[in-house]
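S.K.: What follows is a single structure, and I will ask about it in a moment.
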Amino acid sequence: MKIVFGSDRNGLDYKLQLIEHLRKNGYECIDVGTYENIPCDTPVFAAQAAKLVASGECRYGVLICATGTGMIMAANKIKGIMCGMGYDDLVTQYMREHNDANMIAFGQKHMIYEDVERRVDIFLKSEFLGLHHEPRVQQIRDLEEGKEIHQTPIINPNWK
């Protein structure tokens, strides 16, 4: 499986460690930059990585900057991208299982490396469940196409 990585200088250290970790575990990793610890524009690297995921050249993408937020905002502007913040183990699992996310972002200045590594592993091992989640994911895709969406009928009114 091919994974693309993008970072700015504030995510460079974690990115390099994650690439090494995943390569040891049999993943093919592509690094679109940055490669130096100098100021750079986060959206450039987020967009480059997102385009490789959207095209199908890479299955998933991992983005890292100081907070993760700028990366997410830029990546989600690319058609076909569903990127979220991996701030918690269960959230990371649900990002894939419930929302069919194809990219995940992290904030190196606000997360410890061991948590990020574990969450990348969770993300890559989790699968989209489909089922009752599919209509909501389709609504997000419809929004991307400029289509109008509407509330769907409640299937189980007792669900909490």
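The values are calculated or read from the model by the stated rules, or taken from the named source; none is laboratory data. Since we're looking at a predicted model, the values are computed, not measured. Glycine also receives a Cβ, built like all others from the backbone with ideal geometry; neighbour counts cover every protein chain displayed. Only protein heavy atoms, including side chains, enter the accessible area calculation; ligands, DNA and RNA are left aside. Shrake-Rupley method; radii C 1.70, N 1.55, O 1.52, S 1.80 Å.
S.K.: So if a site counts as exposed when it's one of the GluC sites (Glu not before Pro), its DSSP state isn't H, G, I, E or B, and it has at most 14 other Cβ atoms within 10 Å, what's the longest stretch of the chain without one?
M.R.: Looking at the chain, 58-126 is the longest stretch - no exposed GluC sites (Glu not before Pro) with at most 14 other Cβ atoms within 10 Å.
S.K.: Next up: Around Lys15, with a cut-off of 13 angstrom between Cβ atoms, what is the net charge of the other residues, counting Lys and Arg +1 and Asp and Glu -1?
M.R.: With Lys, Arg at +1 and Asp, Glu at -1, the net is -4.
S.K.: Report, for the range 1-72, the % of DSSP beta bridges that are antiparallel, rounded to 5.
M.R.: In the range 1-72, DSSP labels about 0 percent of beta bridges as antiparallel.
S.K.: Moving on to the next point. What is the dipole size for the range 1-117, taken about its Cα centre, with +1 at each Lys and Arg Cβ and -1 at each Asp and Glu Cβ, in debye to the nearest 20?
M.R.: Using Cβ point charges on Lys, Arg, Asp and Glu, the range 1-117 gives about 380 debye.
S.K.: Using a cut-off of 11 Å between beta-carbons, work out the net charge of the residues near Glu97 (Lys and Arg +1, Asp and Glu -1, Glu97 not included).
M.R.: Summing Lys/Arg as +1 and Asp/Glu as -1 gives 0.
S.K.: In the range 18-85, which chymotrypsin sites (Phe, Trp or Tyr not before Pro) are in a loop and have at most 15 other Cβ atoms within 10 Å, using DSSP for the loop call?
M.R.: Here the chymotrypsin sites (Phe, Trp or Tyr not before Pro) that fit, given the DSSP loop and packing criteria, are Tyr35.
S.K.: Over the range 1-111, what percent of the accessible surface lies on carbon and sulfur atoms, probe 1.4 Å?
M.R.: Accessible surface attributable to carbon and sulfur in the range 1-111 totals 50 percent.
S.K.: Another question about this same structure. Residue by residue, what Karplus-based ³J(HN,Hα) values in Hz, rounded to whole numbers, does the range 6-22 have, using 6.51, -1.76 and 1.60 with θ = phi - 60° and x for Gly and Pro?
M.R.: x, 8, 9, 5, 6, x, 4, 4, 5, 4, 5, 5, 5, 4, 4, 4, 6
S.K.: Contact order normalised by length for the chain, with contacts defined as Cα pairs under 8 Å and 6 or more residues apart; what percent is it?
M.R.: Over the chain, the number comes to 21 percent.
S.K.: Which whole number of Å³ per residue matches the convex hull of the alpha-carbon atoms in the range 1-157?
M.R.: Dividing the Cα hull volume of the range 1-157 by its residues yields 109 Å³.
S.K.: As a test of the formula, what do you get for the chain when each DSSP H run with n ≥ 4 contributes -39,500 (n - 2.57) and the sum is divided by the residue count, at 222 nm and rounded to the nearest 500 deg cm²/dmol?
M.R.: Result for the chain: -12500 deg cm²/dmol, rounded to the nearest 500.
S.K.: With the other protein chains left in place, how much accessible area per residue, in square angstrom, belongs to the range 24-160 at a 1.4 angstrom probe?
M.R.: Per residue, the range 24-160 has 59 Å² of solvent-accessible surface.
S.K.: Can you give the FRET efficiency to the nearest 0.05 for Glu36 and Val91, using r as the Cβ-Cβ distance and R₀ = 35 Å?
M.R.: My answer for the efficiency is 0.65.
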